[in-house]
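Asker: For reference, the structure I am asking about is given below.
Computed from the coordinates by the stated procedures, all read-outs in this text should not be read as laboratory data. All figures in this text were calculated on a predicted structure; none of them were measured in a lab. Here the Cβ is made from the backbone with ideal geometry for all residues, glycine too, and neighbour counts use every protein chain on show.
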Amino acid sequence: MNQSPLLPPSSPGWTPLARGEHDSDAINRCPGGHIHLDYGNFTVRFQRDEFLAFARMVAMAAARLTGDVRPGPTVPLQFKPSTTISLN
Ligand SMILES: [Zn+2]
């Protein structure tokens, strides 16, 4: 398999969670437990709960764009400033 050097899922301790439509797009859990969202030329590192809140927000936006809005959990969305964003 031809993997981008940005994508470490075959490294020990890394867990691949999802891959995007482009080779550089992926979501992996690192050995330290962070969720790494690699998208294009940037990476966002989340704590687990921060990532889950972010994922709910993205899912809601996608549902509204497609008109597929369904009743969902009423968990408040949180995007904490401790999240790290970096350019690759
Ligand atoms: Zn990490």
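Asker: Each residue of the range 19-30 in turn: what ³J(HN,Hα) in whole Hz from Karplus with 6.51, -1.76, 1.60 and θ = phi - 60°, glycine and Pro shown as x?
Answerer: Listing the rounded values in order: 10, x, 6, 10, 4, 7, 9, 6, 10, 9, 9, 7 Hz.
Asker: If neighbour count is taken as other Cβ atoms inside 10 Å, put V69, V44 in order from fewest to most.
Answerer: Details: V69 11, V44 18.
Ascending Cβ contact count within 10 Å gives the list V69, V44.
Asker: Listing H22, H36 from the residue with the fewest other Cβ atoms within 10 Å to the one with the most, what is the order? Could you put the intermediate results ahead of the total?
Answerer: Numbers: H22 11, H36 21.
So the ranking, lowest neighbour count to highest, is H22, H36.
Asker: Looking at V58, N28, Y39, which one has the Cα that reaches farthest to the positive end of the dipole of the range 22-64 (charges on Cβ: Lys, Arg +1; Asp, Glu -1)?
Answerer: V58
Asker: Could you sort 26-32, 62-68 so that the peptide with the highest average Cβ count within 10 Å comes first and the rest follow in order?
Answerer: So the order, starting with the most tightly packed, is 26-32, 62-68.
Asker: If each residue's Cβ is checked for other Cβ atoms within 10 Å, how do F46, F51 rank with the fewest at the top? Kindly include the intermediate steps, with their values, before the conclusion.
Answerer: Numbers: F46 23, F51 20.
In increasing order of surrounding Cβ atoms, one gets F51, F46.
Asker: Assuming a ≥ b ≥ c are the square roots of the Cα gyration tensor eigenvalues, decide whether the range 31-73 counts as rounded (a/c under 1.5), prolate (otherwise, with a/b larger than b/c) or oblate.
Answerer: Values: a/c = 4.73, a/b = 1.76, b/c = 2.69.
Oblate.
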